[in-house]
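Colleague: Here you go, one structure.
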Amino acid sequence: MDWERVRQQLEHALGLPVKTVLWPWEDWRRIAQEEHNADEPTQQPRSVVREGSVFFFVHREGQTAVLLQMEAAGVKPVERQLVELMLDLKSNQDHKSSYSGSEEERKAGLVREWFRGQQELGMTQAEMPDSLVSQLSLYSTKIPLLLFGDYTTSRRVYYADLKKLLETFFDSELTLIPLTDKEWLILAPEKILSMDAGDERDDQQDETLEDKLAAIGYGLHEMLESEWVGESHLAVHYPIMPAKSLYAVVLQLRETIMLGRTYHIGNNMHLPWELQLEKLVHLIPENEKASFLERVLKRLDVALDAETLTTLEQFFQLDCNVSETAKKLYIHRNTLLYRLDKFKQETGLDVRTFNDAVIVKIAILLYKVTKRK
């Protein structure tokens, strides 16, 4: 259940702030018992009032109670009852859906809950319990891919349908873990790196591991675009042993998608080894970013119009090769040289030299982000 969406709906309907808070389970149980209705001894209250706030019980996650908090003065008695009723209905729907899937889906759900628990604790490194690892056979090497479905919250993607689609593509069994309603972790077997070698074996010997992983990712994303409704983003990682490092890898994959969507709008396939400079740039404080741009490019909007941005990005992508860039842009070589000379006159930076090219590359990454803000 997307409880964040429920919180937003309540906030809109009631016209007052609604916060998600976490209590130790034993604290909630004790306070709920204090407000127990003696006439209904088998029924615990769905909400309690404490220190001017009303707290509504949402669900239990391990030893934690997830609650929605709002100002008690802003909630009428009838509204409180309606909120309780709505949360009861939502909880029942969530409970039914959690047991309606296969045994495999249930096991994947246990991993999802473990991930959520580690995230709430603020963990950056965590080793999965042996009980979870053994249930999903995560002792062998896997290729992790993170799929983010950029579809509307009203659309539901079914576990069995997506898993069948993915296994058809890979022609192999795999592990699928739904991390959120829109986020899916795919663990593909390592053997797919060597599949379909056939007559192309000599060519594939020259391929790097990154080339093979990128080919898998781009092929999968192309299939998803044609077979799956809605836009999606995909990130791929190096092969790992899930039992030891799966949690940290998921955080890295999330970061990869975030960096790709931030610095390369329009790209849907995100590769961590191609975003290392973006990762460093992203760590720069906002005031330092703005100061760097002002020092490097005095006339930002004049120097970096849409045509110049496209030209420079293609120039860098093709290793600053003038002839190849001109071909890619379908312009004469002299036209490209004119654009580069014009940029040099306006900024004092000649991107045909290494040092200036590095500076401008960083400046473009910063400019695209700060300009959107």
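Colleague: Consider region 209-244. How many of its residues are at pLDDT below 90 and more than 14 Å from Ile186 (Cβ to Cβ)?
Modeller: Number satisfying all stated conditions: 8.
Colleague: Which is among the acidic types (Asp, Glu) and modelled with pLDDT under 85, of Asp161, Asp130, Asp94?
Modeller: Step by step, each of Asp161, Asp130, Asp94 is checked, and only Asp94 is among the acidic types (Asp, Glu) and modelled with pLDDT under 85.
Colleague: If a residue has to be assigned to a helix (DSSP H, G or I) and at pLDDT below 85 to count, how many in region 57-88 make the cut?
Modeller: Here the count works out to 1.
Colleague: Next question, about the same structure. Looking at Lys328, Lys361, Lys342, which one is over 16 Å from Asp305 (Cα atoms), open to solvent by 60 Å² or more (accessible area, probe 1.4 Å) and either out of contact with any strand residue (DSSP E or B) (no Cβ under 8 Å at 6 or more places or on another chain) or of a type in the set (D, E, K, R) (or both)?
Modeller: Only one candidate qualifies: Lys328.
The values are calculated or read from the model by the stated rules, or taken from the named source; none is laboratory data. This structure is a prediction, so every number in the text was calculated from the model and none was measured. As a convention, Cβ positions derive from the backbone with ideal geometry for all residues, glycine included, and neighbour counts pool all protein chains shown. Just the protein is used for accessible areas: all its heavy atoms, side chains included, with ligands, DNA and RNA removed. Shrake-Rupley method; radii C 1.70, N 1.55, O 1.52, S 1.80 Å.
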